[in-house]
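One structure is given here, and the rest of the page talks about it.
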Amino acid sequence: MDQATVIQADRVLRILLLEDSALDAELVTEALIEAGLPVSIERVVSADEFTRAVRDESWDLILADYLLPAFNGLNALEIAQEMARATPFVFVSGALGEEVAVEALKRGATDYVLKDKLDRLPATVLRALAEARERGERRRAQDALQQMLDERTALLHELDHRVKNNLQLLLSLIGIEVRQAEDEQVRQVLGRMKERMQALAAAHRDLYDGQGSTRFDASSFAKGICEELTSSVPDVRITLEFDVENVDVEAAKAAPMALLFNEIVVNALTHAYKERHGKLKLLLRVQDGTLLFQLSDDAFSLEEKEAAQKSASGTILKALARQLDAHVEWPRDDPATLVRVLMPVQDS
């Protein structure tokens, strides 16, 4: 391994050595220096000295004997894992069987070298330092990514909060205008605008539920808008029936789709259920990349179908359909179906 790629120029490695034998400590130091490694080694022999050194100072590497008179390497490894987990830990021992070595590696040791094979120590040290550097770079990259995600999430939440407040403000202002308008036709127009704003607000709420999403739950929204609008129709009892699959679409389609669904349901309730009871059957599913949205009843009269199709919102429906590349049908040969919408979507 190329030493220059691991150790920066003029960089002296600070190594903590847990070793009770002065002779062995000298041999370890000599093996590293002879290999040309710039090292500064501090030797400790007791648990207290080792703990203070790990806690109070920063080290590039920890080397440790496995067996000491009143302390052992596994205890030292536990201390290092608790206080300096990122610092590579290498055992240098004369008594380290295979089972013990495997256990040490499982507990977090980086590597081990036998004292009768100290010629392997420099390469082991370089490898341990390289792995530690790679882990540090990955950790820094992950931290930077997490920080970026946190910042974007905070921005998303701030935008979500502002949009909600602005939508609520607009709804309140429209409500005031509705109450103060003297002309019935003006009140109806403002009421329709308020319904559309409420549909947008509902789509925004479903899309940004505190977490933010790249997908819009079209099935949940469609059921919700039918329930909300039918419950607000006075003096008319409408029984809802749902044949709805779990369908979600890309978030970019949330607003126009919400307005399209709202417009169709309002049209149906206003013109096809005028002064009568009935069922409102909602069919929603995706097949072969095409979304089908359909409203049905037991039967609609031709007058009801024409009234719904030719209502004032027909122009709006056409504009929304163009935006979604959707096809809106008012089938005359099928009395049970009022309207059918087909649009391309990506299967989720």
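The values are calculated or read from the model by the stated rules, or taken from the named source; none is laboratory data. Predicted model, so just to flag it, every value in this text is computed and none were measured. When we count neighbours, we look across all protein chains shown, and the Cβ atoms used for this are built from the backbone with ideal geometry, even at glycine. To get the accessible areas, we keep the full protein, side chains included, count just its heavy atoms, and leave off ligands, DNA and RNA. Shrake-Rupley method; radii C 1.70, N 1.55, O 1.52, S 1.80 Å.
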Inset, instruction - Give the residue that is farthest from F89 (Cα to Cα), with candidates limited to residues of region 104-133 that are part of a helix (DSSP H, G or I), open to solvent by less than 90 Å² (accessible area, probe 1.4 Å) and free of Cβ contacts under 8 Å to residues at least 40 places away in the same chain. - result: K117
Legend entry - Members of region 71-83 found to be open to solvent by 20 Å² or more (accessible area, probe 1.4 Å), under 26 Å from G136 (Cβ atoms) and modelled with pLDDT under 90, listed by number: L74
Legend entry - All positions within region 72-93 that are touching a residue at least 40 places away in the same chain (Cβ under 8 Å) and within 17 Å of R43 (Cβ to Cβ): G73, A76, T87, V92
Legend entry - Boolean, D60 is open to solvent by less than 50 Å² (accessible area, probe 1.4 Å) and of a type in the set (D, E): yes
Inset, instruction - Would you mind stating whether L68 is open to solvent by less than 30 Å² (accessible area, probe 1.4 Å), modelled with pLDDT under 90 and more than 47 Å from the chain's Cα centre (by Cα)? - result: yes
Legend entry - Looking only at region 15-57, and only at residues there that are within 18 Å of N72 (Cβ to Cβ) and of a type in the set (D, E), the one that is most open to solvent (accessible area, probe 1.4 Å): D48
Legend entry - Leading residue by the ranking (farthest from the chain's Cα centre (by Cα)) among those in region 308-339 that are open to solvent by 10 Å² or more (accessible area, probe 1.4 Å) and among the hydroxyl-bearing types (S, T, Y): S311
